[in-house]
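FYI, it's all coordinate maths here, none of it is from the lab. Since we're looking at a predicted model, the values are computed, not measured. Virtual Cβ from ideal backbone geometry, glycine too; neighbours counted across all protein chains shown.
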Amino acid sequence: MAYNPIQHHIVKLPSWRRRLLLICILLGFAGLFARGIYLQSLHKEFLQQKGDARYSRTLALQAHRGKITDRNGELLAISSPVESVWASPPDVKITATQKVKLGQLLGIKSKEIDKKFANLQRGFVYIKRRVSPDLAAKVMSLGIPGVFLQREYKRFYPAGDVTAHVVGFTDINDKGQEGFELAQNALLSGKAGSRKVIKDRQGRIVEDLEDVKVPQDGHDLVLSIDRRIQYLTYRELARAVDLYKAKAGAAVVLDAKTGEVLAMVNLPTYNPNNPVNIQGKTRNRVITDVFEPGSTLKSIAVSAAMEFGDFKPDTPIQTAPGYMKIGPATIHDTHDYGVLTVAGVIQKSSNVGASKMVLSLKREELWSVFNQLGFGSRMDIGFPGQASGRLRPYKSWRPIEQATMSYGHGISVTLLQLARAYTVFANEGELMPISLLKIKDAPVGHQVFSAQVANDMKTMMEQVVLPGGTALKAQVAGYRVGGKTGTAHKLGPTGYEKDKYVGSFVGLAPASNPRLIMAVMIDEPTTGKYYGGTVAAPVFSAVMSDALRMLAVPQDAPNNNVVIPPDVEDVKEAI
Amino acid sequence: MLAPVMHSRERMNAASYDQMLLWVTLILLGLGLVMVYSASIAIAEADKAVGHQSTYYLIRQAIFIVVGVMAAFVTFQVPVAGWQKMAPYLFLLGLFLLVLVLIPGVGRNVNGSQRWLSLFVINLQPSELMKLFAAMYVADYAVRKAPQMDSIVKGFLPMVAVMVLVGFLLLREPDFGAFAVIAAISISILWLGGINVKIFVALLALLPVAIYVLIVSSPYRMQRVIGFMDPWADPYGKGYQLSHALIAFGRGEWFGVGLGASVEKLLYLPEAHTDFLLAVIAEELGFVGVLTVLGLFCWIVIRAFGIGKEAVANERYFAALLAQGLGVWMGVQGIINIGVNMGVLPTKGLTLPLLSFGGSGILANCIAMAVLLRIDFENRRLQKGLPA
């Protein structure tokens with residue numbers, strides 16, 4: 001070997017060089033030591049927070065929203081599970097074919113999918129919410145990393161637009177927006193739970209960071225509504241609104257004895273299962289809209305006169321010459337009826353007669369009756385958007401106003417207030433509280449009129465549907481019924497509007513022992529017919545005839561009791 | 001040639017080899033095995049290519065360690081003088097392998113780096129062996145050229161030429177990390193071997209320039225440097241790996257989240273079982289684990305320099321330079337790897353010696369430690385008046 005490696009004698013290895021190099025290396029390790037302490041103790045909060053942002057997720061555990069049923073347990077609103085597809089963009093790995101398939105399954109364009117996945121700062125984006133469990137399973141079978149499902153509940157309303165205004169609907173976050181869904185949202189929705197977890201990069205849960213907060217399911221709600229009567233009411237009201245080309249309509253049916261609302265219908269309505277283009281259709285007019293009730297208030301005003309004054313059903317009242325001057329104003333009847341009994345005033349709906357009776361009362365007496373019946377104040381029914389109506393303090397009443405109030409002008413009420421006021425005629429003068437929820441025990445009423453007055457008025461109201469009355473079309477085969485019509489000009493921004501009317505009817509059945517009270521209002525009929533006896537009374541008749549049979553209410557009249565003379569028009573009531 | 005077994009009989013007098021160094025080595029190998037398993041379970045289970053087998057990396061690392069220890073045992077039998085004689089030829093073999101790995105079809109390309117040679121069942125990474133061969137070659141060179149160490153033309157430039165060649169080959173793969181380690185070993189040995197201080201200072205001055213040129217010339221290196229400067233600027237892109245490594249440190253705190261409880265290893269942190277094993281150690285065992293690793297590496301470096309000093313005392317200059325070169329190797333590669341994990345150095349493809357998963361790395365590290373132990377073994381024999 002030519003090569004001789006050993007040359008000891010000339011090699012010098014300075015020891016200071018060795019020490020310097022060793023110190024340099026050890027300094028390197030010392031630096032790392034310091035860096036380690038910095039990262040693992042001083043800087044750890046920042047780093048852990050960054051880590052949490054990457055892989056800790058708070059999962060919402062949705063509470064099951066309570067269902068809403070009618071009084072017989074029929075479903076009006078129920079939640080059923082659906083899946084929402086979401087993604088964690090930083091973890092998504094998707095192939096071109098997967099993207100196409102995903103788009104086809106969910107009906108989304110590839111571009112939109114790209115947009116959703118582009119936001120790498122966010123750990124959570126919805127791809128599509130509320131898809132059926134079947135479809136969700138298909139999406140997951142594509143096996144795209146970073147795409148997940150979230151269980152949610154979708155609300156279904158089996159009765160659809162028939163009960164829309166009572167039940168209401170929820171938004172996409174399961175929050176009540178209208179009706180009972182809104183009013184009782186807290187009760188129905190329960191309490192959502194949550195779970196904070198660490199997930200691995202493929203989305204599997206590794207561990208829980210905190211105790212799981214178990215969701216508390218919402219309570220069920222049993223309404224006083226009877227779905228069958230609700231359907232009937234809806235059908236008949238819709239027919240009337242359609243027939244008279246009305247702008248709107250509203251109807252409410254009460255249990256005469258308990259004050260429970262059995263049906264509450266408004267038109268126009270909407271589909272709560274798919275609440276789009278619902279502008280102006282969500283108003284529950286029965287509760288939220290006030291109107292001048294017109295002559296339907298006459299029965300109440302006349303009862304007040306009988307209660308406080310010296311009037312009996314057969315007391316004669318002079319209504320000639322068919323009009324009456326009070327100061328500068330004049331009150332009209334349609335005809336000169338001459339001398340009418342009190343019963344005749346009700347049957348013919350004489351404004352002059354009713355005004356004369358009421359003017360014999362003190363202002364506070366009439367006011368006190370109206371006030372006790374609940375006009376001008378909200379009811380305790382736990383429902384959103386309730387209007388109070390308008391009852392001015394009696395001290396500001398002028399005589400003309402006291403007179404016009406006898407036939408429902410200068411006072412405004414909701415349809416529900418009006419219907420409730422009529423419970424006094426079904427309960428021997430006691431006013432019943434209203435409930436939209438099913439109640440167990442009969443409520444305690446409030447005596448407004450004496451039993452004598454209430455029963456007399458009930459009997460007089462039976463005359464209204466008989467020949468010579470204003471509401472022949474309210475008659476019901478097999479049952480005696482009573483009621484009162486109302487027709488009024490609508491109140492516009494500049495006073496009464498000439499060509500716009502509200503036709504209404506409030507009645508009770510069977511008259512011998514009332515079970516149901518119904519108030520119907522047809523708003524702005526446009527076919528030229530607008531009297532309450534023409535547009536509203538037939539709705540009452542049709543609903544009562546089916547509902548009473550459905551409830552197996554014993555008949556109190558022979559089957560041939562319906563007497564409608566063929567050529568006779570309804571008596572036109574004074575407006 | 002004497003086998004260490006024979007000397008176990010002399011244990012009564014004084015240990016014939018550095019038992020502590022051996023234990024430190026074995027502890028690092030054992031810790032590495034446990035942590036490689038912990039860090040790789042999720043990676044292996046998610047990987048179709050390894051058959052979703054959770055013990056895939058554990059089994060292989062165990063085999064590597066067994067093979068490495070066996071190779072170390074054989075290595076220990078070779079006298080240091082033998083290594084000195086073989087040094088130039090081993091270096092040529094290393095160069096040959098580095099050329100071979102670049103030939104398309106012969107070298108295997110993984111993740112854009114052509115670093116592996118397929119040899120039947122195992123993949124050999126020549127750059128790992130080259131670190132050992134370079135240390136031997138430069139140590140031998142420094143001893144041979146000792147009289148010319150002051151001369152630029154005769155002492156310094158030939159070595160520069162050799163290093164440029166090695167650097168050229170390594171950067172073709174590319175394997176910047178291996179080149180950095182080999183350069184550090186070579187410069188350190190030249191420094192210890194008495195190179196002219198002026199030349200050395202000039203070299204140190206040129207180094208930043210060279211590194212800058214290398215970084216700017218390659219887009220992938222540039223990306224890594226940017227990611228290193230501020231990992232939170234683009235934590236889902238360039239800074240992804242580093243930000244996850246740092247989170248692992250932060251989560252570990254002082255005592256760690258517990259063995260096996262790392263979340264970062266659940267596919268968040270790439271290369272958790274190789275280059276970023278220390279991050280998993282930091283997360284699961286906390287600063288205590290990191291401190292242990294730092295301490296053990298410091299021990300190796302300090303012992304290597306101590307062994308070198310004793311060799312100098314015995315006038316065994318090649319052994320002295322080689323021992324210290326091996327110490328620089330372990331120290332520098334450890335510092336770079338840990339520094340990368342902690343975000344103080346830009347990301348390179350460098351493993352943590354003796355710990356990270358990797359056959360060639362474990363084999364080369366085991367052999368290096370055996371050579372170190374052998375040098376010490378011969379030192380002790382000479383001190384007892386026995387022949388080396």
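Going by Cα centres, region A:426-458 and region A:187-256 are how many Å apart?
31 Å
Let me know the shape class of the protein assembly as shown, please: from the alpha-carbon gyration tensor, a ≥ b ≥ c as square roots of the eigenvalues, rounded when a/c is under 1.5, otherwise prolate if a/b is greater than b/c, or oblate.
prolate
Using a Gaussian network model on chain B with a 10 Å cutoff between Cα atoms, which of B:Pro79, B:Pro126, B:Pro353 fluctuates the most?
In this elastic network of chain B, the residue with the biggest mean-square fluctuation among B:Pro79, B:Pro126, B:Pro353 is B:Pro79.
Starting at the first residue of region A:77-94, write each ³J(HN,Hα) from the Karplus equation 6.51 cos²θ - 1.76 cosθ + 1.60 with θ = phi - 60°, in whole Hz, x for Gly and Pro.
Calculated HN-Hα couplings, in order: 8, 8, 9, 10, x, 9, 10, 10, 8, 10, 9, 10, x, x, 9, 6, 10, 10 Hz.
Please give the helix A:44-55 orientation as an angle from the longest Cα principal axis of chain A, in degrees from 0 to 90, rounded to the nearest 10.
Its long axis makes an angle of about 60 degrees.
Got a sec? How would A:Tyr531, A:Tyr153 order by Cβ neighbour count within 10 Å, fewest to most?
A:Tyr153, A:Tyr531
Based on Cα positions only, what radius of gyration and what Dmax would you give for chain B, in angstroms?
20.9, 63
Relative contact order for region A:141-252 using alpha-carbon pairs under 8 Å, separation at least 6, rounded to a whole percent?
17 percent
What lysines does A:Lys473 reach when the alpha-carbon gap must be under 24 Å and sequence neighbours fewer than 8 apart in one chain are set aside?
Cross-link targets: A:Lys245, A:Lys247, A:Lys298, A:Lys348, A:Lys458, A:Lys484, A:Lys490, A:Lys500, A:Lys529, A:Lys572.
Membrane-span-like helices in chain B: DSSP H runs reaching 20 Å or more (Cα, own axis), mean Kyte hydropathy at least -1.0?
Qualifying helices: B:19-46, B:56-76, B:80-102, B:126-144, B:157-172, B:176-192, B:197-217, B:277-313, B:317-341, B:359-383.
List the residues whose amide H sits under 5 Å from the amide H of A:Lys500, counting only those 5 or more places along or on another chain, with H placed 1.01 Å from N in the peptide plane.
Long-range HN contacts for A:Lys500: A:Lys490.
Identify which of B:Phe133, B:Phe318, B:Phe228 has the largest mean-square fluctuation in a Gaussian network model of chain B, with springs joining Cα atoms closer than 10 Å.
Taking springs between Cα atoms under 10 Å, the residue moving most is B:Phe228.
Which ³J(HN,Hα) values, rounded to whole Hz and listed in residue order, are derived for region A:519-536 from phi using the Karplus coefficients 6.51, -1.76 and 1.60 in 6.51 cos²θ - 1.76 cosθ + 1.60 with θ = phi - 60°, glycine and proline given as x?
10, 10, 9, 10, 9, 6, x, 10, 8, x, 9, 8, 5, x, x, 8, 8, 9
Show the residues, 5+ positions off or on another chain, whose built amide H is closer than 5 Å to the amide H of A:Ser435.
A:Glu260, A:Val261
If a/c stays under 1.5 just call it rounded; otherwise compare a/b with b/c (prolate if a/b is bigger, oblate if not). Do that for region B:100-224, with a ≥ b ≥ c from the square roots of the Cα gyration tensor eigenvalues.
oblate
Note down the relative contact order for chain B as a percent, whole number, built from C-alpha pairs under 8 angstrom at least six residues apart.
25 percent
Give me the inter-chain shielding for B:282-294: mean count of other chain Cβ atoms within 10 Å, whole number please. Please list the in-between numbers first.
Values: counts 3, 2, 0, 0, 3, 7, 1, 2, 7, 5, 0, 2, 5.
Mean partner-chain Cβ count within 10 Å for B:282-294: 3.
Can you sort B:Thr75, A:Thr170 so the residue with the fewest Cβ neighbours within 10 Å comes first?
So the residues, fewest neighbours to most, are B:Thr75, A:Thr170.
Using Cβ contacts closer than 10 Å as the measure, can you line up A:Glu292, A:Glu74, A:Glu524, A:Glu181 from fewest to most? List each step's numbers first, then the result.
Values: A:Glu292 24, A:Glu74 16, A:Glu524 19, A:Glu181 27.
Ranked by crowding around the Cβ, least crowded first: A:Glu74, A:Glu524, A:Glu292, A:Glu181.
What FRET efficiency do you get for B:Asn109 and A:Arg235 if R0 is 56 Å and r is their Cβ-Cβ distance, rounded to the nearest 0.05? Can you show the working numbers first?
Numbers: r = 78 Å, r/R0 = 1.39.
Between B:Asn109 and A:Arg235 the formula returns 0.10.
With r as the distance between the Cβ atoms of B:Trp23 and B:Val78 and R0 = 25 Å, compute the FRET efficiency 1/(1 + (r/R0)^6) and round to 0.05. Please list the in-between numbers first.
Working: r = 22 Å, r/R0 = 0.89.
Here the calculated transfer efficiency is 0.65.
Principal axis extents for region A:416-562, Cα atoms only, whole Å, descending order, please.
Taking max minus min along each principal axis of the Cα atoms, region A:416-562 gives 46, 36, 30 Å.
Just subtract the alpha-carbon distance of A:Asn559 and A:Ala34 from 0.36 nm times their residue separation and send over the number in nm, one decimal.
Full-extension gain reported as 178.7 nm.
Determine the gain in length on full extension of the stretch A:Ser141-A:Leu27; use 0.36 nm per residue of separation and subtract their C-alpha separation, reporting nm with one decimal.
Additional length available on full extension: 35.5 nm.
Mind pulling the angle between the C-alpha long axis of helix A:15-37 and the longest principal axis of chain A? Nearest 10 degrees, somewhere in 0 to 90.
The answer is roughly 10 degrees.
When the helices in chain B are scored as -39500 (n - 2.57) per DSSP H run of 4 or longer and the sum is shared across all residues, what 222 nm value do you end up with, to the nearest 500 deg cm²/dmol?
About -23000 deg cm²/dmol.
Mind giving me the FRET efficiency for A:Asp217 and B:Asp234? R0 is 51 Å, r the Cβ-Cβ distance, nearest 0.05 is fine.
With R0 = 51 Å, the Cβ-Cβ based efficiency is 0.70.
Run through region A:320-411 and list the chymotrypsin sites (Phe, Trp or Tyr not before Pro) located in a DSSP loop whose Cβ has at most 14 other Cβ atoms within 10 Å.
Answer in residue order: no site qualifies.
So what is the 222 nm mean residue ellipticity for chain A from helices alone, if each DSSP H run of at least 4 adds -39500 (n - 2.57) and you divide by all residues, rounding to the nearest 500 deg cm²/dmol? Before the final figure, lay out each step's value.
Values: 20 runs with 186 residues, N = 575.
Roughly -9000 deg cm²/dmol at 222 nm, from the helical runs in chain A.
Once the mean 1/r over all distinct Cα pairs of chain A is inverted, what Kirkwood radius in angstroms do you read off?
Averaging 1/r across every pair of different Cα atoms and inverting gives 28.4 Å.
Hey, can you grab everything whose amide H is under 5 Å from the amide H of A:Ile127? Only 5+ residues off in sequence or another chain; H modelled, so Pro and N-termini drop out.
HN-HN under 5 Å from A:Ile127: A:Val85, A:Trp86, A:Ala87.
For a test of the definition: using alpha carbon positions, the gyration tensor, and the 1.5 limit on a/c, classify region B:196-343 as rounded, prolate or oblate.
oblate
To the nearest 10 degrees, how steep is helix A:363-372 against the longest Cα principal axis of chain A, on a 0 to 90 scale?
40 degrees
Take the alpha carbon atoms of region B:283-325, find their center, do the same for region A:96-118, and report the distance between the two centers in whole angstrom.
57 Å
I want to check the label-to-label distance for A:Tyr126 and A:Ser512. Put each point 7 Å from Cα in the C-beta direction and report it in nm to one decimal.
Reported label-point gap for A:Tyr126 and A:Ser512 is 5.9 nm.
Expressed as a whole number of Å, what is the distance separating the alpha-carbon centroids of region A:534-552 and region B:196-234?
93 Å
Go through region B:108-116 residue by residue and turn each phi into a ³J(HN,Hα) via Karplus (6.51, -1.76, 1.60, θ = phi - 60°); whole Hz please, and just put x for glycine and proline.
Values, residue by residue: 9, 9, 10, 6, x, 10, 9, 10, 10 Hz.
Defining a contact as two alpha carbons under 8 Å apart and six or more residues distant in sequence, what relative contact order in percent does region B:35-90 show?
In percent, rounded to a whole number, it is 23.
Let me know the mean shielding of B:318-330 by other chains, meaning the per-residue number of their Cβ atoms within 10 Å of its Cβ.
Per residue, the average neighbour count from other chains is 2.
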